[in-house]
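The values are calculated or read from the model by the stated rules, or taken from the named source; none is laboratory data. Just so it is clear, the structure is predicted and the values come from calculations on it, not from any experiment. All Cβ positions, glycine included, derive from the backbone under ideal geometry; neighbour counts span all protein chains shown. SASA here: full protein model, heavy atoms, side chains in, ligands and nucleic acids out. Shrake-Rupley method; radii C 1.70, N 1.55, O 1.52, S 1.80 Å.
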Amino acid sequence: MAEDTHHLSRRAMLAMPALVYGTAALGQTPAGEPQRGGTLQYAVAAEPPTYDLHQTGTFAVMHRVAPHYSTLLQYEQFNYPNIVGDLAQSWEAAPDQLTYTFRLHPNVRFHDGTILTSEDVRASYARMIAPPEGVTSNRQPAFGQIGAIETPDPLTVVFKMKRVDASIMDTFVSPWNSIFSAARLRAEPNWPARNIMGTGPFRFVEHVAGSHWVGQKFDGYFKQGKPYLDGFRAITMAPSAMVNALSGRQILAEFRGFTPVERDRIMRGLGADGRTFESSWMLHMLLSFNNEKPPFDDVRVRRALSLALDRWGGSTSLSRISQLGAVGGMVRPGSEWSSTPAEMERWPGYGRDMAANRAEARRLLREAGQENLSFTLMNRNHQPYVTAGIFVIDQLRQIGVRAEHQQVELASWYANQGSGGFEAMIDSFTQLSDDPTNVLVKYISKDRAGVATARAIDRELDRLFDAQAQEIDKAKRKQLVGKFEDRAFEQAHLVPILWFQRLVVLNRRVQGWTMSPTHMIYQDLADVWLAPERG
Amino acid sequence: MLRYLARRVALMVPTLFGVALLTFIMLRVVPGDVVEVKLRADGGYVTTEILERERARLGLDKPLPVQFVDWMTGLVTLDLGNSMWTGRPVAEEIGVRIGLTFQVALMAAFISVLIAIPLGTISALYRDTWVDYVVRIFTIAGLAVPSFWLGMLLLLLLLTVFHWSPPVTYTPFYENPLQNMAQLIWPALAVGYRYAAVVARMVRSSIIEVMREDYIRTARAKGVFERLVVARHAMRNALLPAVTVIGLEFAFLLGGLVVTEQVFNLNGIGRLFVEAVSRNDFVLIQALVMLLAAVFVTMNLIVDVLYGVLDPRVRNA
Amino acid sequence: MSATALPAFRAPNPILAFIRAQPLGAAGLVVILVMGTAAVFAEVIAPFNPEAIDFMSMLAAPSADHFFGTDAFGRDILTRIIYGARTALTIGFLSSFIGCTAGGLLGVASAYFGGRADLLIMRLVDIVLSFPIIVLALVVVAVLGKTAVLGIDLNLVFAIAIPIIPRACRVVRSAALSVRQMPYIDAARAGGYSSTHIILRHMAPNVLAPYLILLTAYVAQAILLEASLSFLGLGVQEPKPAWGLMLAGDSANFYQEAPWMILFPGLAISLAVFAFNLFGDSLRDWLDPKFRT
C-alpha cells in the first residue's frame, strides 16, 4: 500500500475518495475476541473548562470525563440509535407517556466504594432541573416537562411528567446527564466541577492542565468483565499536531474528527494500520440574518441570498478540503426525519439549476430595491467557519452582493450572536440528538428560544414546532417536520448552508469503539479494547 | 549604587500600575465575556437567568472600580485570582506552562549569542569586504524572515526529507533531555535566528564604534597584534550594547513566542494567551499581561544595573 | 558616460551618490519599487481575480496556468501575492508614517518642554512599551471595530502604529535633546515665537534624518507585524489577499500536500521586509554622519 502511494501525485491523493481505505460504515461489527490490558492514548483538541458534565456542552469535557461516569440509559454498541440500559436494568413507560419507571442494577459501586441508590439518580437530575446556588445547568430546558422524581425504593426511580414529551428518551440516554453521588452533592453542590467520582469503568488518576488526563481501570465496575483496558491517557494537542501524532503512532485515536486532507495524510502514514469511519454529523452550518435589521426584515432579500448559495456544488468541493459535507435541510440528512435529496430540491436554493436560482435571486433583490446590497458578515476565527464564510462571500458576489467578512474572537462572537449585534452571520448549531425538537428549536421565534439567533417572530413556525414536539406517531411527526421546513425555507429567517461530515481515523489496534453521527456518545470506553501490535 | 537601584525599582511601580490600569480598561471595552463562551458553546442552551448567575459568581456584575480594586488588592497580596474559564488558580495555569516557554526562550537566546558574537565581530573586523556583506545579508535576512514561517519550513523539511516529526507532548528536560530537545530545539531555532540577527548587528556596530576610540587607535599604533586588541579592549566595551539588546530582546522573545507556539503546537504561555483572549478570560489575560510587563521592566532594570557594573562611567554618574 | 572619467559631475545627484555609496541599499530600493509598481497596477498585472473561488483548480501545483499554484479554493497564489503587496505596503507605510510622526512629534515636544512634561511623556512611553504588542493590537482592533476606508483596515493600521509611537518617541527625543541645546533655539524663544512654531519650524527639521531612518525601518517592522497579526487571525480578514493570512487558516492545514501555499507568501514577506531593512540600513549609514567614512 505504502509503496503504491508513492507513484501517485499529491493531487491525486487529495482527490482520492475515502473508500480506498476500506471505510467501515456505521454498522460495524466487532473484530475478533476482545483482549484485555493496555493503555489507550488518544488526543483531545481542547482543555476542559470544568469536570462537570452537567455544566458544559463541550467535547473537551466529554472525551475525558465520560469514562468516569454512568448514565441511566445508553446507546447500544454498534447499533445506533437503539437504546439499552446503563445504570437501569430495565425501564418502562406508562401507556399515557406520563410516567417513566427505571429499575437500577443492584450493587453498582462508586469509585469510593459506596453503593449507588435511586437517591443518587434523583439528586443528579434535581441538580440539572433546578441548579442550586453557584451551579449552572447547560441544558435546563430539556428537563422542562419533568414534574417530579420519586424514589419508592433504593433501586427504583420514577419520573412523573407534566406533559407528553416526544423526545424525553433523549434526556435519559444523554451522555451529559451523568449520575453523581448524592452525598457529595449534599456536602458541596459544585463538587463535581473540580473533582471526579462516579460509577464509570475508569477511576480518575490525574489531570495536568494543558497536557494530559489519566484514568485507570475501576476494578469494582458493575458490568462484569469490563472495562477491557487497563487505563487511558487523553493528551491535549492542537489538530495539526494530532495528525502527526496519529500517523507517527504516538497516539492511537482521536474521536472528534478530521478534515478529509488530514484523514488522508494520517492514512498515508498508517497504511494498513489505519481505519477510517465516516458519517454525517449532528452539526450544521447556517447563514443567520438579523431579522430586526433592514434590509433583512424583507423576506425577498433573505430568500434571494439563500437562493444564491450553490449548496450541491459547495458540498462536492468543500467536502474535499473541510469538515463541511452533505446538503441537508433542518434535520440531519440521512436521519429518519430527513427529506431525500430529491425532495430537498423543492426548497429555494436547493434547485440544481444555479443559473436559474441566481436569476431569481437577482430578480428578488431588484424587487426589494437592493441590487447593490452590501453588508457585514460576522464570523468566528476558526475552521471550518472561515471556509464557509469565504464560500458564502464568493457565492453572493455572483449575484452582485458584497459581503464584508468580519471575523471576531469567540467571546465577542457569542456576545454579538446573543445581543443581535450583527447583520448576518455564519452560525452553526450542534444538536444533542436526531430528535427534531432538538434542532428545529434553532428556527423558531426569538421569544421562544434563546438559541433562535435570527431574532424573528414567526407564530406559524412556533405552532408547527409545538405540534411535532407532542406527536407520538412517527409518520405524522415526520410530516409535520417537513411542513416546518417548507415554511422555514420560504421565510428564510436563517438558512442551512451545509451539514458537517464526521471523519474519524483510528489506529487499527483500537477495537470495540462505535462510530455515530455525534462525537458526544460512545465515549465511556467500557467496550473498547486494544489489539496486540502487529509484528 | 544602592540609591540608584532603589530609585529604579521605585520607578517600576508607576509603570506597572499604568499597565494594569490600561489593561483593565481596555479589556472591559471589548464586547463579550467568558460566561457566554462557557455556557453557550457546543449547543449549550441556557436561560438568561443562569448566565447572570454565573456572571455574579465570577464577580462580573460588580461595578468596574470595585472589580479593579479587588484585582489590585489581589496583585499586592500576590493572589492572581482564578481563571474564569477553568476556575483553577491563574498561578497554577501559568505555572504548568511557563517552564516550556522559558526554556524555548532561553535556548533561543543561547543559540543566538553563540552565533551572533563571532559573526558580529568578524563582520566588524572585515568591514566593507565581502565577508561583511555576507554576514550583513544573513543578519538582515534574519530580521526579515517571519519566525512562524521559518518554523513551518523547518517542520516541512523534517517531514518531507527525514519523514520525521518532533514529539507532540512536552517532556521536562530533567525527565528525558533527548526527548525534550527533540521537541523544543526547532522552535528555539526558528525564533533564535531573528534574535541572533538582532544581536549580531548590535555587536557589529558597537565594535566599529569602539574601534574608532582613541585608546584603541593608540593600542594599534603601538603595534600590538590586532586580534589581541580586539579581544582585550574592543570586545569588552562592545559587549555592553550587546548585553542591552540581549536583555531587552529576551522580553520581546517571550511575547513573540505567541505566534511560534501556535506553529509548533507548544503548550506554553503564548498559546495560553491566545486561548484566554479568544474566551475573554479577563483574569487570565490580565495576569499574563502583568507577567510579561513585569519581565520586560525587570529586564530593563537588570540591563541598567549591568551597565553600571560593566561601565564605571555610568555607575558614578 | 563614466563617472570616474568626469569626477566633477559626481556630487550633484544624490540618488547616484547613494547608489555608489550603498549598493546594497540601492538593491533594496529596486525591490521596493518593483513591489510598489505591482501593488499600484495589480489589476493590470495579476492574471486572476484574487477573491474568486475556482473549484475546478483546487490545490493545483505551480504550472503554466498558475505560476505559483493555487490554494484550497482554487485561487491563484501569484494573484493573491500581487494584491497582497498592496495590502502589505499600504498598511506598512500608513502605520509606520502615523506611528513615527506621532511618536516623533511627541519626542520633540518632550525634549523641548523638558521637566514635568518630559517626565510624564516618558512614563507613558514606558507603560506602552511594557505591553506585549499582540495584546495592544488585539484590543485596538476590538475597540475600533470595523472601519475600512477605501478598502484599508484602519483599525489594523492603528493597532500597528500604536506600538511604534513610544519607540519612535524615544529615538527622536534623544536626537531632539541635542538640538534643544543649540543657541538658535534660545534665540527663537527670546524672539517671542510660540512653542508650536519653534517645535515645528526649528526643531522638527533638525531631527528629520533620524525620522526618515525610523520611517523606513518601521515600514519593515509594520509589514512583519501585519503578517503576524493576520497569521493569528487578528489582522486582515479572508477573503482579502494578505501575505500573513495566506500562511494561516487553510494553508496550515495543507502545506504538507501543497507546500507552494506557504512557500511563496512567506518569500514575499521576507523579501519585502529584507528590502526595507537593507534600504533603511543603508539610509542610516548614509545619513548618519557618525557612520560616514
Value of [θ]222 nm, deg cm²/dmol, for chain A, DSSP H segments ≥ 4, -39500 (n - 2.57) each, nearest 500: -8500 deg cm²/dmol
Proximal aspartates and glutamates to residue A:223, defined as alpha-carbon separation beneath 18 angstrom and excluding residues fewer than eight positions away on the same chain: A:33, A:76, A:86, A:112, A:524, A:527
Gained length - residue A:126 relative to residue A:402, 0.36 nm times residue gap less alpha-carbon distance: 94.3 nm
Residue B:17-residue A:297 pseudo-label distance in nm [points 7 Å out on the Cα-to-Cβ vector]: 5.1 nm
Computed label-point distance, nm, for sites residue A:163 and residue C:117 using a 7 Å Cα→Cβ extension: 7.2 nm
Nearby lysines by direct alpha-carbon distance to residue A:217 (threshold 29 angstrom, same-chain neighbours under 8 apart not counted): A:226
Antiparallel bridges, percent of DSSP beta bridges restricted to region A:280-501 (to nearest 5): 60 percent
Calculated from backbone phi, Karplus (6.51, -1.76, 1.60) coupling profile of region A:245-255 in Hz, x at Gly/Pro: 5, 6, 6, x, 6, 7, 10, 9, 7, 8, 9
Protein accessible area in the protein assembly as shown, 1.4 Å probe - carbon and sulfur %: 61 percent
Cα-based shape type of chain B, given that a ≥ b ≥ c are square roots of the gyration tensor eigenvalues and the cut on a/c is 1.5: oblate
DSSP-defined antiparallel bridges as percent of all bridges, the protein assembly as shown, nearest 5: 75 percent
Whole-Hz ³J(HN,Hα) from phi, Karplus 6.51 cos²θ - 1.76 cosθ + 1.60, for region B:23-30, glycine and proline x: 4, 4, 5, 4, 5, 6, 7, 5
Rough spin-label spacing in nm, given labels placed 7 Å along Cα→Cβ, for residue A:93 and residue B:128: 9.3 nm
Region A:374-392 versus region A:117-145: alpha-carbon centroid distance in Å: 36 Å
GNM top mover of B:94, B:115, B:25 - chain B, alpha-carbon springs below 10 Å: B:25
Longest DSSP-loop-exposure-free segment, GluC sites (Glu not before Pro), chain B, at most 15 other Cβ within 10 Å: B:1-174
Lysine pairs with alpha-carbon atoms under 22 Å apart, region A:280-501, spacing 8 or more or separate chains: 8
Region A:86-123 residues near the modelled residue A:156 label - backbone nitrogen below 15 Å, point 7 Å along Cα→Cβ: A:89-94, A:99-106, A:118-119
Ellipsoid semi-axes in whole angstrom, largest first, where each is sqrt(5λ) of the Cα gyration tensor of chain A: 39, 31, 20
Tensor-based shape of chain C (alpha-carbon gyration tensor, a/c under 1.5 rounded, otherwise prolate or oblate): oblate
Choice from C:239, C:132, C:163 showing the highest fluctuation, given a GNM over chain C with Cα pairs closer than 10 Å: C:132
Spatially proximal aspartates and glutamates relative to residue B:38 (Cα-Cα < 16 Å; intrachain offsets below 8 disregarded): A:47, A:52, A:409, B:49, B:52, B:54, B:275, B:281
Size of charge dipole - chain A - debye, nearest 20, with Cβ of Lys, Arg +1 and Asp, Glu -1, no other charges: 680 debye
Accessible surface buried upon C-B contact (total; probe 1.4 Å; Å², nearest 100): 4000 Å²
Accessible surface of residue B:306 - all protein chains present, 1.4 Å probe, nearest 10 Å²: 70 Å²
Area hidden from solvent between B and A (accessible, protein heavy atoms only, 1.4 Å, total, Å²): 3600 Å²
Alpha-carbon centroids, region A:498-516 and region A:77-99: separation in whole Å: 25 Å
Average accessible area per residue (Å²) across the protein assembly as shown - probe 1.4 Å, nucleic acids and ligands excluded: 39 Å²
Ellipsoid equivalent to region A:109-220 - semi-axes via the Cα gyration tensor, in Å: 26, 17, 14
Euclidean distance between Cα centres, region C:77-101 to region A:424-487, Å: 47 Å
